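Report on one structure; see the data block that follows.
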Amino acid sequence: MDQIQSVIDGFIDFEGQSLAETLTTAILVLTGIAAFGAGWVLSDLKYTVYVGLSGTVLAFLAVVPPWPIYTRNPLTWVAIAAPPEVVMVDVKKEM
């Protein structure tokens, strides 16, 4: 189960997120246009739905798995410095 989860729980960087969003939009727009064209030419709504759904599946397979193309620009985090020494001060409030 851990092996399956490690494959599914992939992490992508910010550049990968931008690429995934652009790729998803392009695939869905192009297959939407192709689906409309296929439905228009063949005069059948069935082909429009088939082409549209196949484009959705293609976009899903291209974007959802954590492909290595989405992890090319990892973030480098700043190392944790030693915490400053805490000084406790007792303050008495006069009234």
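Residue pairs whose Cβ atoms lie under 6 Å apart, separated by 6 or more positions or on different chains, with the first residue in region 46-58 and closer than 10 Å to residue 32 by Cα and of a type outside the set (Phe, Trp, Tyr) and the second open to solvent by 40 Å² or more (accessible area, probe 1.4 Å) and in a helix (DSSP H, G or I), are 51/34. The set of residues in region 8-48 that are within 15 Å of residue 69 (Cα to Cα) and not acidic (Asp, Glu) comprises 10, 11, 12, 14, 16, 17, 18, 19, 20, 22, 23, 24. Give region 39-69 a look and list any residue that's open to solvent by less than 80 Å² (accessible area, probe 1.4 Å), modelled with pLDDT of 90 or more and either in a loop (DSSP other than H, G, I, E, B) or of a type outside the set (A, V, I, L, M, F, W, C) (or both), or say none. If the condition is that a residue be open to solvent by less than 80 Å² (accessible area, probe 1.4 Å), modelled with pLDDT of 90 or more and either in a loop (DSSP other than H, G, I, E, B) or of a type outside the set (A, V, I, L, M, F, W, C) (or both), then 39, 44, 48, 52, 54, 55, 56 are the ones that fit.
Of all residues in region 70-95, those that are closer than 25 Å to residue 29 by Cβ and part of a helix (DSSP H, G or I) total 1. One residue stands out in region 18-38 among those that are of a type outside the set (Asp, Glu) and either open to solvent by 90 Å² or more (accessible area, probe 1.4 Å) or at positive phi (or both): the one that is nearest to the chain's Cα centre (by Cα), namely 30.
The values are calculated or read from the model by the stated rules, or taken from the named source; none is laboratory data. These numbers come from a predicted model, not from an experiment. Neighbour counts are summed over all protein chains in view; Cβ atoms, including those assigned to glycine, are modelled from backbone coordinates with ideal geometry. For accessibility, only protein heavy atoms count, side chains too; no ligands or nucleic acids. Shrake-Rupley method; radii C 1.70, N 1.55, O 1.52, S 1.80 Å.
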